[in-house]
DNA sequence: ACAAAAGTGTTCTCCTTACACCCATGA
DNA sequence: TCATGGGTGTAAGGAGAACACTTTTGT
């Protein structure tokens, strides 16, 4: 290690992931129950220490893959949490990440450092260790503002999905209600959905039409941004 | 230091500040010329190593104050840059900060680690050390998107200022032009400006009206957000 | 046949945009 | 008095919001 750098004290650095999933009409966050001190028994965000030869994003992907068995998802840096007392063991920075997942797509697996891995409804979270409640609050802010500019809501749904499902997702996130007709017009106006047919009749009422993404248009919009004011 | 933490390797952590100022119709960024290796002679963002008993924001304020003689400005965390090779000395994370300054309000002072401290027009920057060009690019993105939602443009102007000055600032940042009348209507509609009188007649042409902020309304809007689509 | 949820089109209103003339000053 | 930039209001157009009836299915 370089001497010029060693004259300055170094903090530990961890990477923590706020993973949003959506299933059965519920927006949820993935948490792990810790086996070890500090906060043994508490629920916390999946996380781990940064290794010196990997980027933080690579560390986040490693954590997702090894600790929760989730791969290839939407991931972006959220914020760096840095309160000196946030970890009782010493000075630890947390570079946090924000992830969106089709929660139906993965079967969870608890690693050795955790007793349990579980989806928790975002509005009924358990007691959280460290400052993870604060990290989650920031992630929810990010989700709310991001959903207005990028079609990220779609990352959470497993296609094919129905228009009422999509509307319910947006309404959950933004805590509001939309007019069905205006919502339909707006979404279809984006040109990223393709009608694929009528739902197999296993619902209690009239089945809804099914849609999938036009991948091409979808990725255009992800970059260009949209203006989702409804 | 705690043994549980020491089993993991630790990176160095620095804090770097992208400081925007506005004077003489020019949006500028504050840079320092390095005295020391690596990148001696190159221009870089003001920055320094994080100390273990301070938050990153406190470190950023310390850097601003000691290295550039700037205090009490708008400051927020921008992003954490983490490419393993970004510093030739070893693994160094940079937690970067975004600052807006009334550049006329401060007289700059070079500290011992720098030959020179200077405002550079944001579109004609010199060769930059480390990955600071990348950091600045991210800061400009942030400035552009933030200016649409929060009345931050005002942080850059020294009151009292004129409507054409404000318009020019917005046009510089967003690289566009606005209709004078519509701009005036929009801004006044926010209710955060107070008319204070007519400029002393030292201009070459008809003097413009002068405005200051209504601090109360201004801070309301800073938090609530506005929708500045013009 | 009835209850429950889904599909669809039109009107009105308000916000956005486009646009032209008069005014104040310095030279 | 003339050239330059600053101040102001109105009219037309477009996007958003409000709104009701018909359709499909399961019971």
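The values are calculated or read from the model by the stated rules, or taken from the named source; none is laboratory data. Worth saying up front: this structure is predicted, and the values here are computed from it rather than measured. Positions of Cβ are backbone-derived with ideal geometry, glycine not excepted, and every protein chain shown enters the neighbour counts.
Name every residue in the range A:198-230 that is within 11 Å of DNA strand C (Cβ to nearest atom) and more than 14 Å from chain B (Cβ to nearest Cβ), in order of residue number.
A:198, A:199, A:203, A:204, A:205, A:206, A:207, A:208, A:209, A:210, A:211, listed by residue number.
List, please: which pairs have Cβ atoms under 7 Å, are six or more places apart or on different chains, and start with a residue in the range B:147-173 that is within 15 Å of residue B:207 (Cα to Cα) and end with one that is part of a loop (DSSP other than H, G, I, E, B) and within 16 Å of DNA strand C (Cβ to nearest atom)?
B:162/B:199; B:162/B:208; B:163/B:208; B:164/B:208
Condition check: surrounded by fewer than 12 Cβ atoms within 10 Å (Cβ to Cβ) and either within 16 Å of DNA strand C (Cβ to nearest atom) or more than 14 Å from every other protein chain (Cβ to nearest Cβ) (or both). Does residue A:162 satisfy that?
No: the conditions fail for residue A:162.
Go through (1) farther than 18 Å from residue A:10 by Cβ; (2) facing chain A (nearest Cβ under 9 Å); (3) surrounded by fewer than 16 Cβ atoms within 10 Å (Cβ to Cβ) for residue B:53 and report which single condition fails.
For residue B:53, the failing item is (1).
Looking only at the range A:1-23, filter to residues that are surrounded by fewer than 17 Cβ atoms within 10 Å (Cβ to Cβ) and facing chain B (nearest Cβ under 7 Å); which one of those is farthest from the chain's Cα centre (by Cα)?
Within the range A:1-23, the match that is farthest from the chain's Cα centre (by Cα) is A:4.
Being in contact with a helix residue (DSSP H, G or I) (Cβ under 7 Å, 6 or more places away or on another chain) and free of Cβ contacts under 8 Å to residues at least 24 places away in the same chain narrows it down to one of A:51, A:3, A:7, so name that one.
Selected residue: A:51, the only one of A:51, A:3, A:7 that is in contact with a helix residue (DSSP H, G or I) (Cβ under 7 Å, 6 or more places away or on another chain) and free of Cβ contacts under 8 Å to residues at least 24 places away in the same chain.
Mind listing whichever residues of the range B:79-107 are surrounded by fewer than 24 Cβ atoms within 10 Å (Cβ to Cβ), within 24 Å of residue B:38 (Cβ to Cβ), within 17 Å of the chain's Cα centre (by Cα) and in contact (Cβ under 8 Å) with a residue 40 or more places away in the chain?
Selection gives B:79 alone.
Being within 14 Å of chain B (Cβ to nearest Cβ) and at pLDDT 95 or above: is that true of residue A:129 here?
no
Can you name the condition, by its number, that residue A:176 falls short on among (1) more than 16 Å from DNA strand C (Cβ to nearest atom); (2) surrounded by 14 or more Cβ atoms within 10 Å (Cβ to Cβ); (3) more than 30 Å from residue A:86 (Cβ to Cβ)?
Evaluating residue A:176 over (1) more than 16 Å from DNA strand C (Cβ to nearest atom); (2) surrounded by 14 or more Cβ atoms within 10 Å (Cβ to Cβ); (3) more than 30 Å from residue A:86 (Cβ to Cβ) leaves (2) as the failure.
Taking the range B:180-230 as the region of interest, how many residues are closer than 15 Å to residue B:170 by Cβ, in contact with a strand residue (DSSP E or B) (Cβ under 7 Å, 6 or more places away or on another chain) and near DNA strand D (Cβ under 9 Å from one of its atoms)?
1
Residue check: is residue B:19 part of a loop (DSSP other than H, G, I, E, B) and in contact with a helix residue (DSSP H, G or I) (Cβ under 8 Å, 6 or more places away or on another chain)?
no
Do the conditions hold for residue B:76, that is, is it within 14 Å of chain A (Cβ to nearest Cβ), within 16 Å of residue B:153 (Cβ to Cβ) and either out of contact with any helix residue (DSSP H, G or I) (no Cβ under 6 Å at 6 or more places or on another chain) or surrounded by 24 or more Cβ atoms within 10 Å (Cβ to Cβ) (or both)?
Taking the combined requirement at face value, the residue satisfies it.
Within the range B:148-168, can you find the residues that are more than 13 Å from DNA strand D (Cβ to nearest atom) and touching a strand residue (DSSP E or B) at 6+ places or on another chain (Cβ under 9 Å)?
Residues satisfying the conditions are B:151, B:152, B:153, B:154, B:155, B:156, B:157, B:158, B:159.
Does the range A:32-50 hold any residues that are outside any strand (DSSP E or B), within 14 Å of chain B (Cβ to nearest Cβ) and buried (at least 16 other Cβ atoms within 10 Å of the Cβ), and which are they?
Passing the criteria: A:39, A:50.
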